[in-house]
Amino acid sequence: MNNNIEELKSKIMELKKERNAIILAHNYQNKEIQEIADYLGDSLELSKKACDVKEEVIVFCGVHFMAESAKILSKDKKVLIPVMDATCPMADMVTYEELKEEKEKYADLKIVCYVNSSAKVKSISDISCTSSNAIDVVNSIDSKNILFVPDCNLGSYVKEKTNKNIILWEGFCPTHHRVCEDSIIRMKEKHKNIKILTHPECKKEVLKHSDFIGSTSAIINYVKNSEDKEFIIGTEEGIIHKLEKENQGKKFYLLDDNLVCKNMKKTKLIDVYNVLLNMDNEIILDDEVVSGAKSSLDAMLNLNKN
Ligand code: 13P
Ligand code: SF4
């Protein structure tokens, strides 16, 4: 079995070279995918990386909206997604049509869209944000009224940190939204004096018990810089692989056993091999959508540069 895995990995490496491809992967991917990735990161880091890729082909191991962002930011590259139906259910909770209708109701409304949204939704939003820059993005807007789509949990977290009037959309991440206050209280009792690090896609009643709230990479950096030896992790379980690998001797407890994103777990080594072999599953986007969505992503990335 292990031999087969190693064989598959080396075939992927050969093909990757042949195709002049790079593999980008999100921190929630299966561990065997994390191990073959050229670059592993959170949504913001992956978007930045996609802007300056030298290779002709990007194989994006994550969910669909992430591969779309890579295509938008690097439109001359071929962007392939190993599993086409690895989608983000939260991103599907706001459609272009619904957002357009809302936008038309108010003349002065600015729209901030979480990157976990489709390219079409981004194309009619003023600016994108990720979990690591949402507060800065919202504060940068010269309007009091902001519609924040689609994550109501991240939106309400940001709302508490600004004096803007943030109107929330009713979207949520099914994986993080499932975690309830009882779980965090139970874990706190079981593991006394251990820091709890959570992702802002969790509900407010969970976040209020957390010692640190941040994006996946912010959580990874927190652990790296901490003297503590044990941590409770309140985000998708895939992150534990990197945490354990980079922090020998430190121990991690997942806040809730259900912190598994089915879509992030769809990508297997064989899918990466097949996509490189067949060069299919390409992300194709309409030019008009790309140009609108790029303005929204660029507005975010330019802000981040300052
Ligand atoms: P990060 O940007 O923190 O990596 O989060 C992406 C995501 O999908 C969280 O569920
Ligand atoms: Fe979407 Fe949640 Fe999965 Fe992230 S963890 S990709 S927000 S469903």
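Bear in mind these aren't lab numbers, they're just calculated from the coordinates by the rules spelled out. These numbers come from a predicted model, not from an experiment. Glycine also receives a Cβ, built like all others from the backbone with ideal geometry; neighbour counts cover every protein chain displayed.
Would you list, by chain and number, the aspartates and glutamates whose Cα falls below 15 Å from the Cα of K105, excluding same-chain residues fewer than 8 positions away?
Excluding near neighbours in sequence, the set is E97.
Test of understanding: given the chain, find the longest segment containing no GluC sites (Glu not before Pro) that are in a DSSP loop and have at most 12 other Cβ atoms within 10 Å.
Free of exposed loop sites, the longest segment is 57-169.
Name the residues of region 117-147 whose amide N is less than 15 Å from a point 7 angstrom out from the Cα of D298 along the C-beta direction?
Taking a point 7 Å out along Cα→Cβ of D298, the residues of region 117-147 whose backbone N falls under 15 Å are 123-128.
So if each residue of separation counts as 0.36 nm, and I subtract the Cα-Cα distance between E244 and H191, what length gain in nm does that give?
17.2 nm
Ignoring everything except DSSP H segments at least 4 long, calculate the 222 nm mean residue ellipticity for the chain; use -39,500 (n - 2.57) per segment, divide by total residues, nearest 500.
Estimated from H runs of four or more residues: -13000 deg cm²/dmol.
Can you put H199, H26, H241 in order of Cβ neighbours within 10 angstrom, beginning with the fewest?
Final ranking by Cβ density, sparse to dense: H241, H26, H199.
For a quick size check, give me the Cα extents of the chain along its three principal axes, largest first, whole Å.
The principal-axis extents, from largest down, are 56, 53, 32 Å.
Take the residue pairs K31/K268; K161/K190; K192/K224; K161/K204 and return only those whose Cα atoms are more than 19 Å apart.
Cα-Cα > 19 Å for K161/K190; K192/K224; rest within.
For each of K266, K75, count neighbouring Cβ atoms within 10 Å of the residue's Cβ, then give the residues from fewest to most.
Result, fewest neighbours first: K75, K266.
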